[in-house]
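Here's the structure, in structure tokens; my notes come after.
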Amino acid sequence: MVPNNPATDEGAHMNTGGLVHPDWLRRLNLFGDAVGSASLMVPLDPDEMLETAAGSVGCSDFGDEHGWETGYRAMVAALEENAALTVFGRLSARGEILRNLQTRLRLVDLWQRHPSIRSEPVVAPVFILGPPRTGTSILLELLALDPGLRPVIAHEAHHPLGPLPDTGDGTALQISEPEQEFWADVHPEFITMHELRSDLPCECLHFVQPEFRSWHWAMMHGLGDVESRHDTQAMTAIYAFHKGFLQTMQYLDGEPQTFLLKSPAHLGSLPELLAQYPDAKLIHTHRDPLKFIGSSANLTGVLHWMRSDAVDMAGRGPLMTLAYQFMLSGVIAQRESGAVPAQQMADIHFVDLMSDPVGAIRRAYEHLNIPFPEEMAESVPAYLADKPKGKFGPHRYEASRLGLDESRLRDDFSDYIDHYGVTLES
């Protein structure tokens, strides 16, 4: 009997919004069916992965800060129980887990040999935060042109201490390619959603992966409700590791830095962020929810689908709507109460960033008391001329397949729109 072909079997992708895998990936995943289970081909045993990582690095102390191992085991258990990973999904997850265990081992070893690293001051880092698709990525790249700011580059995030010794001649830039530039091979349209490149500035979620309760794992996989991801201890652990990573970068650079950082996830954890970085400077990006909810839902759904065939794309839209209603209303309340000091948060609207990028950045800098380098008046337009909006083609999706009724979406975010005076786009 010939197995069902997801590319032709209508029932096979009813939940996935019509997404179809390339033939090479579909055939790879069929190996799991051929032997009875993808788990037989690619095991995700938490103890074995700990042992394998330790053996590959040559040390075994993962540190005991904030009960990280509880989070690790809960995350691996959730992968097994909820993520329904394909052969490729399991292979990808195993590679990421092993790399992050190795990174954790190497960082802990460095911190133990040089304990002064963990007392390095990280002064007034600049954070970009806002929902996905509101200009956060291009703003990160533009602010990285500021010679006074130090972004984290993608290959540094994945390999902060360089490649493992005795593993070949590849540089960190080269060996980070599988987790940065491979996704357009897995799903060719991914490049229209989000550009990943080993030499680009990257989000914080890339370098906090070795804290296994961090946001990265739920963004990539359908983990369900992992309790340890949501408590105060988990958030404290994430930001403690976040600071440890920056302290390490600063130590390796050999001089103090003003770090440039970014993640939409920070919207939901500003109290913990400010507890770790009380002098942080925050830039909140804004856009018409009609433009960012559906696009964000499709992006995260595709990230899951590349690793699992059991993805309910119709559930992504309502889930994304609830998540950003909660986070955006929370930020409004925190700003109004003074929990987020007014002088520490500036706003940039997507339409302003697109129409007058230099002016929008200059105004945010003035509010945050950051010196504006005049050379950015030329470097910003030059960068944008080489990377126009939609350079890789339009990001296409159908709102109805994501469970969204676009006629109601702006009403769902009316408080947010009114509070910030968000421009509605056609």
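Residues whose amide H comes within less than 5 Å of that of ALA339, counting only those at least five positions distant or on another chain, are absent (H built at 1.01 Å from N in the peptide plane).
In this calculation the C-beta distance from PHE182 to SER329 is compared with R0 = 35 Å, giving a FRET efficiency of 0.45. Could you list the residues of the stretch 51-79 with an amide nitrogen less than 19 Å from a label point located 7 Å from the Cα of GLN233 in the Cα-to-C-beta direction? Only 62-78 pass the distance filter.
Using the Cα gyration tensor of the stretch 50-152, with a ≥ b ≥ c the square roots of its eigenvalues, what is the shape: rounded (a/c below 1.5), prolate (a/b larger than b/c) or oblate (neither)? Taking the square roots of the gyration eigenvalues as a ≥ b ≥ c, the stretch 50-152 is oblate. Can you pull the one-decimal nm distance between simple spin-label points at LEU28 and SER407, each 7 Å off the Cα toward Cβ? Each label point lies 7 Å from its Cα, and together they span 4.3 nm. Per residue, the accessible area of the stretch 200-346 comes to 31 Å², computed with a 1.4 Å probe over protein heavy atoms only. Counting only protein heavy atoms and a 1.4 Å probe, the stretch 40-91 has 46 square angstrom of accessible area per residue. Classify the chain as rounded, prolate or oblate, taking a ≥ b ≥ c as the square roots of the eigenvalues of its Cα gyration tensor: rounded when a/c is under 1.5, otherwise prolate if a/b is larger than b/c and oblate if not. Oblate, since a/c reaches 1.5 and b/c is not below a/b.
On the protein heavy atoms, probe 1.4 angstrom, tell me the percent of accessible surface of the chain carried by carbon and sulfur.
53 percent
The string of couplings for the stretch 302-316 from the Karplus curve (6.51, -1.76, 1.60, θ = phi - 60°) is 5, 4, 5, 5, 4, 10, 8, 8, 9, 10, 8, 5, 5, x, 5 Hz, one whole number per residue in order, with x for Gly and Pro.
Under a 5 Å amide H cut-off, with hydrogens placed 1.01 Å from N, ILE283 pairs with PHE127, ILE128, LEU129, ALA346 among residues at least 5 apart or on other chains. Annotation: amide H-H contacts under 5 Å for ASP312 (H modelled 1.01 Å from N, sequence separation of 5 or more, or interchain): none. If you count Lys pairs in the chain whose Cα atoms are under 19 Å apart, skipping same-chain pairs closer than 8 places in sequence, the total is 5. Annotation for ASP386 and LEU98: the two label points, set 7 Å from Cα along the Cα-Cβ direction, are 3.6 nm apart. Note on the chain: antiparallel DSSP beta bridges, both residues inside, total approximately 10 percent of the bridges counted. With a simple spin-label model that places each label point 7 Å from the Cα along the Cα-to-Cβ direction, the separation between GLU398 and GLU69 comes to 5.0 nm.
The values are calculated or read from the model by the stated rules, or taken from the named source; none is laboratory data. Fair warning: this is a prediction, and the values are worked out from it, not measured in the lab. Heads up, the Cβs are rebuilt from the backbone with ideal geometry, glycines too, and the neighbour counts pull from every protein chain shown. SASA here: full protein model, heavy atoms, side chains in, ligands and nucleic acids out. Shrake-Rupley method; radii C 1.70, N 1.55, O 1.52, S 1.80 Å.
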